[in-house]
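This report concerns only the one structure given below.
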Amino acid sequence: MILDEAHKIKNEKAATYKFVSQIRRNYILLLTATPLQNDLRELYNLITLLRPGQLGTWRGFAAKFLVRGDRRRVKDAAWLKDFTSQVMVRTRRASVAEALALPKRLPRHPRVELTPDERHLYDGTVWLLRDLYARGFIKVTREEAEEDARRRSRRTGKGIMTLEVMRLCQRLCSSSAALGESLDRLAEGELVSPEYRTKAREIASAARTVRENGKLHALRRTLEEHREQVIVFSEHLPTLDVIREHVVQHGRRPIVYRGGMSRAERARQLKTFAEAGNGVLIATRAGTEGLNLQFCNVLVNYELPWNPMVVEQRIGRIHRIGQKRDAHIISFAADATIEAHVLKLLDQKIKLFELVVGELDVILGEFGGAETLEQRLTEEFLKAKDEGDLSAAVDTMGDEIARSRAAGQEQERMNSEVSGDDNAMRLERDFAHLPIPSRVRLAFGTRHLKYVEGVRARQESLLVSVPEMLEALEHAAVRPSNNSMYGSLVWIHGVTVRRRGIDFEVQADKLPILLVTLNADSIAR
């Protein structure tokens, strides 16, 4: 049994914990970035789930390891590490971030100004939404609410309409076409007062007359600057159509990728994009997960999702293993709009464009997560009486995120205190006492192993996997090298369990270790 996000079942009284405990299994693997979030009872529960009896009873564990009256502090961290290291393998982000050898992220936020017609549309819709939120819904009787809850077929009241209103808020800065579609849908809401339905229809009609779009100007400049392949993300289907027409008008090939396409259609679109030297992939959220697009290095966020996890997933399509060039992350945020506030939170408070792999969850953990941020933004935007109110609310959220970041760092410290060292830490600690093959073996997958240019390509051409190299290093012989180009070098010769010989030429007398040459026997056919 493999259980991802295992920290979510940390409470021994919860139904999920009891359910997992009762599943019959021969093996269990728990995956989590934060085995310890609040106190040591959580760690005790996970290890007990993994190997019952490893830490004894909770009372005995608390008496032996915990500072009296404080479930977050341990008496003897080294002793506890001995117990946890028998069942827990820890890898720090800091140990692997550099080992991934990813190029730089180059974020850029070009200035985007709404056209006069767009500004008029934006201001009118903001007034409508805030006034509607304050007093524009029809109150339902208790009987109507109960009937509606049973039917689950209509949107009712503020709570039921939240998703539709949230979508409308996020379309404010996407395109007039997308905004008009959502306003038409709002005008059909059963619990929207008649006067607000009329106003929504009027603004939707005005949206359909807007011909000039500030973001399209920004996109044109971006496509002129980047003549190679570009990915443009938008959450909204009407906006995809607007972007597609614009791309065609400027002589580029649009390739649309969205939900609702069959698997075969999606595969064809991706193949077309990969083969089109100057193609523009226009994608919805369907393109944010599971795609390997590292052959492209330019990504445009046409509008900024209010959920930072979606932005991080988008970036992960191009900023991933195999990317050879710096990744250009270009985000459009219209001046003096809600998007400018979203960008401030993502860029200045969360520092989203600077994060290493897996760090976002830690930063927003105490805050409530990425979805909580999206909901809070919507609520604060609708409650605000003016831009001053909204700015103050966003500043408050920024302060809460800063506290959440500090809490996440404290969690990292607590986890370090009670968990065993990872390979990078062991290598740093024991380097002088380790034989050379063991040094190289521990360095794999950490920031302490560097490759001379061309060695990774040679590894691929020889069809040598990392597990094979680790096998060969387990029982290996060392001899001097005559090559002095990179300092004091040695040759390591080892054999895999399938008797394949592998030779490594390395500099291993200091950190970082440098892999200079790689040779291997041919694979038997």
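The values are calculated or read from the model by the stated rules, or taken from the named source; none is laboratory data. All values reported here derive from a predicted model rather than from experimental measurement. Backbone-built Cβ (ideal geometry, glycine too); neighbour counts: all protein chains shown.
Scanning for something under 30 Å from LYS385 (Cβ atoms) and in contact with a helix residue (DSSP H, G or I) (Cβ under 9 Å, 6 or more places away or on another chain), does the stretch 98-109 turn up at least one residue? So that I can check it myself, show each step before the final result.
The first filter runs over the stretch 98-109 and keeps only residues under 30 Å from LYS385 (Cβ atoms), leaving 109.
Among the residues that remain, those that are also in contact with a helix residue (DSSP H, G or I) (Cβ under 9 Å, 6 or more places away or on another chain) are: 109.
There is at least one residue in the stretch 98-109 that is under 30 Å from LYS385 (Cβ atoms) and in contact with a helix residue (DSSP H, G or I) (Cβ under 9 Å, 6 or more places away or on another chain).
Quick one: would you say GLU400 is at pLDDT 90 or above, within 14 Å of PHE367 (Cα to Cα), under 25 Å from the mean Cα position of the chain (by Cα) and assigned to a helix (DSSP H, G or I)? Show your work before the answer.
Details: at pLDDT 90 or above: yes; within 14 Å of PHE367 (Cα to Cα): yes; under 25 Å from the mean Cα position of the chain (by Cα): yes; assigned to a helix (DSSP H, G or I): yes.
Yes; evaluated as a whole, the condition is true for this residue.
Across the stretch 200-249, which residue is nearest to the chain's Cα centre (by Cα) among those that are exposed (fewer than 14 other Cβ atoms within 10 Å of the Cβ) and over 24 Å from LEU172 (Cβ atoms)?
GLU228
Just give me the residues in the stretch 396-451 being more than 30 Å from VAL495 (Cβ to Cβ), touching a helix residue (DSSP H, G or I) at 6+ places or on another chain (Cβ under 7 Å) and of a type in the set (A, V, I, L, M, F, W, C), in sequence order.
Scanning the stretch 396-451 gives MET397, ILE401, ALA402, VAL418.
Out of the stretch 429-443, which residues are free of Cβ contacts under 8 Å to residues at least 60 places away in the same chain and surrounded by 11 or more Cβ atoms within 10 Å (Cβ to Cβ)? Don't jump to the end; show me each part of the working.
Filtering the stretch 429-443 down to residues free of Cβ contacts under 8 Å to residues at least 60 places away in the same chain leaves 429-430, 432-435, 437-438, 441-442.
Scanning the stretch 429-443 gives ARG429, ASP430, LEU434, PRO435, PRO437, SER438, ARG441, LEU442.
How many residues does the stretch 41-88 contain that are among the polar types (S, T, N, Q), surrounded by 12 or more Cβ atoms within 10 Å (Cβ to Cβ) and within 19 Å of LYS13 (Cα to Cα)? First the steps, then the outcome.
Start the filter on the stretch 41-88 by keeping residues that are among the polar types (S, T, N, Q), which leaves 45, 48, 54, 57, 84-86.
Checking the rest, the ones that are also surrounded by 12 or more Cβ atoms within 10 Å (Cβ to Cβ) come to 45, 48, 54, 84-85.
Checking which are within 19 Å of LYS13 (Cα to Cα) leaves us with 45, 48.
Number satisfying all stated conditions: 2.
As an exercise: evaluate ARG221 against (1) at pLDDT below 95; (2) part of a helix (DSSP H, G or I); (3) assigned by TED's automatic domain parsing to the domain that holds GLU289 and give the number of the one condition it does not meet.
(1)
Just for the stretch 494-525: of the residues that are assigned to a strand (DSSP E or B) and small (Gly, Ala, Ser), which one is nearest to SER438 (Cα to Cα)?
This residue is GLY494.
What pairs come up if the first residue lies in the stretch 361-372 and is under 12 Å from ALA406 (Cβ atoms), the second is β-branched (Val, Ile, Thr), and their beta carbons are under 8 Å apart, counting only those six or more places apart or on different chains?
VAL362/THR34; ILE363/ILE350; ILE363/ILE401; GLY365/THR34; PHE367/ILE401
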